[in-house]
Every structure is written in structure tokens, then in C-alpha cells.
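In what follows, a single structure is set out as C-alpha cells and then discussed.
The values are calculated or read from the model by the stated rules, or taken from the named source; none is laboratory data. If you're wondering where the values come from, they're calculated on a predicted model, not measured in any experiment. All Cβ positions, even for glycine, are placed from backbone atoms using ideal geometry, and neighbour counts span all protein chains on display. With ligands, DNA and RNA removed, areas are computed over all heavy atoms of the protein, side chains included. Shrake-Rupley method; radii C 1.70, N 1.55, O 1.52, S 1.80 Å.
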Amino acid sequence: MKNFKKLTALVLIAVMAVGMVACGGKETKDKNTSGSANDDNTFVVGFDQDFPPFGYVGDDGEFTGFDIEMAEECAKRMGQKIVLQPIDWDAKDMELESGTIDCIWNGFTINGRENQYTWTDVYMDNSQVVVVRKDSGIKTLDDLKGKNVEVQKESSAQSAIEDNEELKNSFAELRTVGEYNTAIMDLESGAVDAIAMDVFVAKDQIKDKTDELMILDEQISTEQYAVGFKKGNEELRDKVEDTLKEMVKDGTFAKISEKWFDMDVCILEP
């Protein structure tokens with residue numbers, strides 16, 4: 001019995017030792033949030049994977065989009081390996097503060113958030129618009145009175161509407177959803193009467209549904225896009241901004257823009 005107890009004790013010690021080695025050997029990334037790169041020389045880009053044409057999952061299962069291509073080219077020029085990190089949009093601040101991502105680059109509106117992040121210079125204009133069913137009878141923002149309107153949670157559209165109390169108070173209800181694919185399905189089914197969203201996202205969402213859906217001519221607001229970094233991370237911001245300006249100067253920005261929008265959307269000065 002004594003030998004059995006001794007053997008059992010030795011086995012337990014061995015198991016504990018293996019466990020300690022396993023825990024001690026677990027690799028973690030110590031992100032340098034005040035510098036320009038991680039220890040492993042990666043550039044981790046946080047984005048909403050359900051936000052075409054800026055960032056989304058393509059038919060081949062790979063991440064793609066205008067901002068994705070811009071970020072990939074930027075990382076290549078900086079000599080860094082890009083890591084595309086999908087995030088929940090309403091958790092973007094937590095992801096950035098915790099250091100799991102280096103930046104937010106995905107149709108990210110600077111207006112109203114100027115002091116919350118360290119930003120690059122703006123690189124394109126955008127506006128918030130309303131998408132409705134063609135048979136809804138809704139032609140103007142005034143026609144949204146008494147209607148159910150949907151927006152993506154924590155989106156620029158939500159902020160724009162909440163900043164316009166008169167417009168918001170005219171709705172029967174302002175609802176939020178996690179992604180615009182869901183919102184489009186709600187609109188098509190009649191669960192909501194309208195969706196507020198970025199104009200370029202709206203154009204992409206309805207490109208195959210123009211016989212059924214349309215964008216109102218009247219805009220809710222105008223805004224600009226930039227790349228956002230953790231407050232104080234000016235070193236990485238400067239590196240990315242300088243690289244973007246190089247891409248403007250040599251025509252790469254315009255080339256990528258033409259591919260996605262059939263026009264050069266750039267407003268960034270080289």
C-alpha cells in the first residue's frame with residue numbers, strides 16, 4: 001500500500017509539472033500600443049466583416065473590400081505582416097484599448113469622435129442616407145414620420161439620427177441591429193420601413209435589388225472616413241498616414257478606389 005501511495009504521488013507530481021510547463025509555454029502577444037509594430041512585426045487591423053464594400057467575406061471565403069485592400073497595401077509598404085481581425089462593432093473600443101488590434105480601419109467615421117482616437121487625416125467623404133422599399137410611398141425624410149427605422153448598433157447612422165432629435169422623435173421606433181444584412185432582410189420582409197446607413201454601403205447593399213429598394217435623395221448628414229488608433233499612438237498613426245500619402249502620390253489609392261467605386265474617392269492630400 002505504501003509503495004502504491006508513493007507511486008500515486010509521483011504520478012500526480014509529474015502531471016502537475018507537465019501542466020505547469022504547458023501553461024508557462026503558452027504564447028501571448030505583447031502588443032506595443034505606443035510603438036509602430038508588435039514584437040512579431042504584424043499590423044493588426046480591426047474591421048467589421050459585414051460592412052461591404054469596405055470590409056466583408058468574399059465569395060471565396062476570404063476577407064476583402066476597399067479598406068481591406070488599402071490596409072493590405074499599406075502593411076506591405078511598411079514591411080509588416082497584416083492580420084485582419086474581425087470585430088463586433090459595438091466592442092471596437094474594448095478591442096483597441098486591450099491591444100488586440102492596432103487600429104480600426106473599415107469605413108470609420110471621424111465626425112463626432114475626433115477626441116476619442118488618434119486619427120490619420122481623412123481620406124474620403126461619405127454621407128448618411130435612408131434606404132426604403134420602392135412601394136413604400138416614402139420619398140423624403142419627412143415621410144418617415146410614424147415609421148419604424150433601423151440602424152446598425154454604434155454606427156454613424158445611429159449617431160447622426162440621435163443628433164437630430166426632431167427627426168428621431170418623428171419615428172414610431174428607432175431599432176438597432178448587429179449588421180446590415182439583417183437590416184436589409186427586415187426591410188424586405190416589412191418588419192421595418194427604412195434603414196439609415198452609409199451611402200456607399202447602401203449602394204452596395206441594393207445593387208442587385210434596385211427593382212425593389214431605393215435610396216432617398218435627401219441625406220441625413222455628411223461625414224468623413226479616417227483610420228483610428230488608440231489615443232496617443234501617434235507613432236503608428238504617422239507611419240500609416242505617410243504610407244497612405246505615398247499611395248495617393250503614386251496613384252495606387254486611385255487605382256484601388258476605381259476598382260471598388262468606379263471613381264476616385266480620395267480627398268487625402270499627399
(request) Keeping to region 177-191, report how many residues are within 20 Å of PRO86 (Cα to Cα) and open to solvent by 40 Å² or more (accessible area, probe 1.4 Å). (result) 4
(request) Would you point out which residue out of LYS134, LYS153 is within 24 Å of the chain's Cα centre (by Cα), loosely packed, with under 15 Cβ neighbours inside 10 Å and either closer than 17 Å to ILE215 by Cβ or in contact (Cβ under 8 Å) with a residue 24 or more places away in the chain (or both)? (result) LYS153
(request) Go through the residues of region 96-108 one by one and say whether even a single one is open to solvent by 30 Å² or more (accessible area, probe 1.4 Å) and touching a residue at least 24 places away in the same chain (Cβ under 8 Å). (result) yes
(request) From ALA191, ALA202, ALA160, grab the single residue that is over 16 Å from the mean Cα position of the chain (by Cα) and more than 12 Å from ARG133 (Cβ to Cβ). (result) ALA160
(message) Out of GLU166, GLU162, GLU154, GLU150, I need the residue that is of a type in the set (Asp, Glu) and under 15 Å from ASP186 (Cβ atoms). Which one?
(response) GLU150
(request) Please work out which one of (1) open to solvent by less than 20 Å² (accessible area, probe 1.4 Å); (2) part of a strand (DSSP E or B) is the condition VAL201 fails and give its number. (result) (2)
(request) Could you tell me whether ASP211 is out of contact with any His (no Cβ under 7 Å at 6 or more places or on another chain) and surrounded by fewer than 18 Cβ atoms within 10 Å (Cβ to Cβ)? (result) yes
(request) Kindly indicate whether ASN126 is modelled with pLDDT under 95, touching a strand residue (DSSP E or B) at 6+ places or on another chain (Cβ under 7 Å), open to solvent by less than 50 Å² (accessible area, probe 1.4 Å) and not in a loop (DSSP other than H, G, I, E, B). (result) yes
(request) Pull up region 65-110, narrow it to residues that are among the small types (Gly, Ala, Ser) and closer than 18 Å to LEU236 by Cβ, then point me to the one that is nearest to the chain's Cα centre (by Cα). (result) ALA71
(message) Let me spell it out: the conditions are (1) surrounded by 18 or more Cβ atoms within 10 Å (Cβ to Cβ); (2) part of a loop (DSSP other than H, G, I, E, B), and ASP60 meets all of them except one. Which number is the exception?
(response) (1)
(request) From the list ALA226, ALA172, ALA194, pick out the single residue that is farther than 20 Å from GLN49 by Cα, surrounded by 16 or more Cβ atoms within 10 Å (Cβ to Cβ), among the small types (Gly, Ala, Ser) and modelled with pLDDT of 95 or more. (result) ALA194
(request) Kindly indicate whether LEU167 is surrounded by 19 or more Cβ atoms within 10 Å (Cβ to Cβ), closer than 17 Å to VAL132 by Cβ and in contact with a helix residue (DSSP H, G or I) (Cβ under 9 Å, 6 or more places away or on another chain). (result) yes
(request) Could you please let me know if ASP90 is on the phi < 0 side of the Ramachandran plot, at pLDDT 95 or above, in a helix (DSSP H, G or I) and acidic (Asp, Glu)? (result) no
(request) State all residues of region 64-79 that are surrounded by 22 or more Cβ atoms within 10 Å (Cβ to Cβ) and not in a helix (DSSP H, G or I); if no residue qualifies, say none. (result) GLY65
(message) Can you find a residue that is part of a helix (DSSP H, G or I), aromatic (Phe, Trp, Tyr) and open to solvent by 30 Å² or more (accessible area, probe 1.4 Å) anywhere in region 248-260?
(response) yes
(request) Show the residue pairs that are 6+ apart or on different chains and have beta-carbon atoms under 9 Å apart, the first residue being within region 245-270 and within 16 Å of GLY55 (Cα to Cα) and of a type in the set (S, T, N, Q), the second being in a helix (DSSP H, G or I) and open to solvent by 30 Å² or more (accessible area, probe 1.4 Å). (result) none
(request) Go through (1) open to solvent by 90 Å² or more (accessible area, probe 1.4 Å); (2) more than 30 Å from ASP93 (Cβ to Cβ); (3) at pLDDT 95 or above; (4) under 22 Å from the mean Cα position of the chain (by Cα) one by one and return the number of the condition GLU234 breaks. (result) (2)
